[in-house]
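The values are calculated or read from the model by the stated rules, or taken from the named source; none is laboratory data. Keep in mind that what you see is a predicted model, and the values were worked out from it rather than measured. Cβ atoms come from the backbone with ideal geometry, glycine included; neighbour counts cover every protein chain shown.
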Amino acid sequence: MKSQRGLALIVALLVVALTATIAAALMRGESVWFKESANVRALSQAHAAMDGAFRLAAVEVTDEGRHDQIDDLSERWAQPLPRFPVAGGTVHALLIDPEGRFNLNDLVVAGKEVPTALAVFTRLLQLVGLNPELAQAVVAWEIPPGSPGGGFDSVYLGRRTPYRAGRQPLSGVSELRLVKGFSAKIVHKLRPYITALPLATPINVNTAPALVLAALCPGLTIKQARILGDEALRTPFASTAVFQQALPQGVQPAYQTAVQTNYFLAHVAARFGGLVVRRRALLYRAVRGQRTVILWQEALWEHRRITHTHT
């Protein structure tokens, strides 16, 4: 009888221990669930806030176009917005003029290579310190099948992970990493000076960095280009004719120029609790001063900070 009572006591203790273990595990799981639920809630708030920020950016671009006939870096849209509070978090926004950069999709228009654009991009590569032959590799990537100058898929089909050439306009600057000769390091080095917009665009000389201006105008030194950039900040060029008059004697743009912009790139970051989310969107001012549309949006990254309780 004593042995049976002892066995029963051991069993009872085991049941109590097992029950306590299960309860502790459930409590830990419940704690994690609550934290995950809080992050889902924060993510939803962040995306809602960023949607609002993109709409406000579109309104700002439309309004600016209604009052000014040129676009330059002294305008309100070009100034970084301070972080502003929203319910439970903060949002930060920045607008960039991509038309102040060289548009990679100017290299091939209507299925044909554009020699003047190719010359500008070749000079830009040289100014950045890269192999100028990379320019022709991008042209070959974009040329449609059957067109003269098109790339050979064998170059890409022979890689460890085979793929075909794009044979169409670049969807974004990051696609360059797929093109022969380009690496993530090279793309990173070029990124401040290039863009990939849906349509061919002139270069806005009021917002172009010095290296782009130097590539645009053969014979223009980087020092002279920086002086022009400083002049554009103080007194923006009212027209392309005024810009040409400001160039040194004998120097002329080798490609299309403009003092207006139709495309804008909006970067937005939102912080809610332990969550930080970044997105960007391409805005298109379809009718100056009347309407701006959001062409696409993409997430850049999300950072979640979740603290788990361990016992």
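Here are the numbers:
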{"item": "Selection within segment 65-117 - free of Cβ contacts under 8 Å to residues at least 60 places away in the same chain and of a type in the set (S, T, N, Q)", "result": "Q79"}
{"item": "Tally, over segment 166-183, of residues that are surrounded by 15 or more Cβ atoms within 10 Å (Cβ to Cβ) and not in a loop (DSSP other than H, G, I, E, B)", "result": "4"}
{"item": "The listed residue being within 27 Å of D230 (Cβ to Cβ), among the acidic types (D, E) and not assigned by the TED database to the domain that holds R279, out of D68, D106", "result": "D106"}
{"item": "Residue count, segment 50-96 (criterion: under 19 Å from the mean Cα position of the chain (by Cα) and of a type in the set (G, A, S))", "result": "6"}
{"item": "Enumeration of residues in segment 97-125 that are closer than 14 Å to I194 by Cβ and either of a type in the set (S, T, Y) or more than 22 Å from the chain's Cα centre (by Cα) (or both)", "result": "A117, L118, V120, T122, R123"}
{"item": "Number of the condition not met by T261 [criteria: (1) hydroxyl-bearing (S, T, Y); (2) assigned to a strand (DSSP E or B); (3) modelled with pLDDT of 95 or more]", "result": "(2)"}
{"item": "Check on R41, within 29 Å of I203 (Cα to Cα), part of a helix (DSSP H, G or I), modelled with pLDDT of 55 or more and not assigned by the TED database to the domain that holds V139", "result": "no"}
{"item": "Cβ-Cβ under 7 Å pairs, at least 6 apart or on other chains, segment 32-47 side under 9 Å from F272 (Cα atoms), far side surrounded by 14 or more Cβ atoms within 10 Å (Cβ to Cβ) and modelled with pLDDT under 60", "result": "N39/R304"}
{"item": "Set P162, P145: member being modelled with pLDDT under 95 and out of contact with any helix residue (DSSP H, G or I) (no Cβ under 9 Å at 6 or more places or on another chain)", "result": "P145"}
{"item": "Hits in segment 277-295 (condition: more than 17 Å from the chain's Cα centre (by Cα) and without any contact (Cβ under 8 Å) to a residue 60 or more places away in the chain)", "result": "A286, V287"}
{"item": "F182 being closer than 23 Å to T207 by Cβ, in contact (Cβ under 8 Å) with a residue 12 or more places away in the chain, among the aromatic types (F, W, Y) and outside the structural domain of G289 (by the TED database)", "result": "no"}
